[in-house]
1. Please pick out the residue among Glu66, Glu112 that is in a loop (DSSP other than H, G, I, E, B), of a type in the set (Asp, Glu) and free of Cβ contacts under 8 Å to residues at least 40 places away in the same chain.
2. Against the definition (under 14 Å from the mean Cα position of the chain (by Cα), surrounded by 14 or more Cβ atoms within 10 Å (Cβ to Cβ) and not in a strand (DSSP E or B)), how does Gln54 come out, yes or no?
3. Here are the criteria: (1) modelled with pLDDT of 95 or more; (2) among the hydrophobic types (A, V, I, L, M, F, W, C); (3) touching a helix residue (DSSP H, G or I) at 6+ places or on another chain (Cβ under 6 Å). Tell me which single one Ala28 does not satisfy.
4. Consider region 90-124. How many of its residues are among the small types (Gly, Ala, Ser), touching a strand residue (DSSP E or B) at 6+ places or on another chain (Cβ under 7 Å) and more than 28 Å from Asp58 (Cα to Cα)?
5. For Glu41, which of the numbered conditions (1) surrounded by 13 or more Cβ atoms within 10 Å (Cβ to Cβ); (2) modelled with pLDDT under 95 fails to hold?
Amino acid sequence: MHSILARILAAIVAVAALTVSTPPAQAAPAAYFVMTDYSREEFVLQLTNPAQIQHARDLLSGTTTEQPHVHGRIVKRMAPYNPRWSYHLNPETISFFDYAIEVCDATIPYVEEHLDEAGGAFLPGLHWCDWSSRLVRELRP
């Protein structure tokens, strides 16, 4: 019994040593893209997922036309990179789509005008999927 406990303790110490000595992964740098919709208003997205960043760049370059529309979860506060609007999309939730259900569709200004209602019957769960959204350019520093 004592040798089993000693082995378990040694394994725990070894795992703890690995986690302490392993440096944290470097976060990918954020990229910023401008989208528009039928309203012709512009809205800035912050993307942090490398695959989503590449997909956005592929859309802009014409390499792909698949999944051209933007989906994400609304955060009800202004972001420094998107000062025109009092909301932004949580970068960790942004994805692209071809088709989506109607309940999450709204234009950029309509979301702004009805932001206090978002999360209830309007845009349940704060999911926003503007059917007419499309990227127009990447913002470079």
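The values are calculated or read from the model by the stated rules, or taken from the named source; none is laboratory data. Keep in mind that this is a model prediction, so the values were computed, not measured. Counting neighbours? That spans all protein chains shown, and the Cβs are built from the backbone with ideal geometry, glycine included.
1. Values: Glu112 fails: in a loop (DSSP other than H, G, I, E, B).
Sole residue among the options that is in a loop (DSSP other than H, G, I, E, B), of a type in the set (Asp, Glu) and free of Cβ contacts under 8 Å to residues at least 40 places away in the same chain: Glu66.
2. On the way: under 14 Å from the mean Cα position of the chain (by Cα): yes; surrounded by 14 or more Cβ atoms within 10 Å (Cβ to Cβ): yes; not in a strand (DSSP E or B): yes.
Yes.
3. (1)
4. In the first step, residues of region 90-124 are kept if they are among the small types (Gly, Ala, Ser); the result is 95, 100, 106, 118-121.
Going one step further and asking which of them are touching a strand residue (DSSP E or B) at 6+ places or on another chain (Cβ under 7 Å), we end up with 95, 100, 106, 118.
If we keep only those that are more than 28 Å from Asp58 (Cα to Cα) too, we end up with 118.
Looking only at that region, the number is 1.
5. (2)
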